[in-house]
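Taking it in order: structure first as structure tokens, then the write-up.
The values are calculated or read from the model by the stated rules, or taken from the named source; none is laboratory data. Note that the coordinates shown come from a computational prediction; the quantities given were computed from them, not determined experimentally. Ideal geometry is used to build each Cβ from the backbone, glycine not excepted, and the neighbour counts take in all protein chains shown.
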Amino acid sequence: MWAHYAKDYTGYIIGFEDNHDFSTPLAKQGKTSPMSVIYSELIPTLNPKNPSTTTYAHKNLMNNKPLDWAYEQEIRIVRARMEDHLINTGVTDTFGNRVFLSPIPKDAIQKYTLAPEQLKRPNQEY
């Protein structure tokens with residue numbers, strides 16, 4: 001995990017409770033969707049002229065990875081953009097999009113793992 005996703009072995013991983021309200025009730029409303037990643041040699045495509053390919057396009061595009069990554073057994077939580085729950089960071093990403101954060105209830109967190117370099121910073125507040 002650290003070699004692929006963290007800058008210089010810094011950062012953290014958050015593990016979520018499977019059945020917490022943070023993910024499950026909103027799924028019934030179509031606002032949150034925990035999804036197992038699909039590992040495949042095929043790359044998903046989107047054809048805007050064919051409506052049948054756009055119905056679940058966001059899930060197909062965001063939920064696929066090459067087969068080489070299958071050892072990760074990744075599950076992603078995708079949340080609808082609910083304006084009343086978002087925190088505008090005032091930051092933009094490298095593409096100029098605004099970056100928003102969504103609050104996470106403390107009891108929805110199962111575990112919190114610090115990267116090796118983070119452990120060398122004992123006075124840092126988390």
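Within the stretch 30-44, identify whether any single residue is part of a helix (DSSP H, G or I), modelled with pLDDT under 85 and of a type in the set (Lys, Arg), and answer yes or no. No, the stretch 30-44 contains no residue that is part of a helix (DSSP H, G or I), modelled with pLDDT under 85 and of a type in the set (Lys, Arg). Check the stretch 107-115 and report whether any residue there is assigned to a helix (DSSP H, G or I) and at pLDDT 80 or above. Yes - at least one qualifying residue is present in the stretch 107-115.
Among the residues of the stretch 47-68, the ones that are modelled with pLDDT under 70 and surrounded by 11 or more Cβ atoms within 10 Å (Cβ to Cβ) come to 7 in all.
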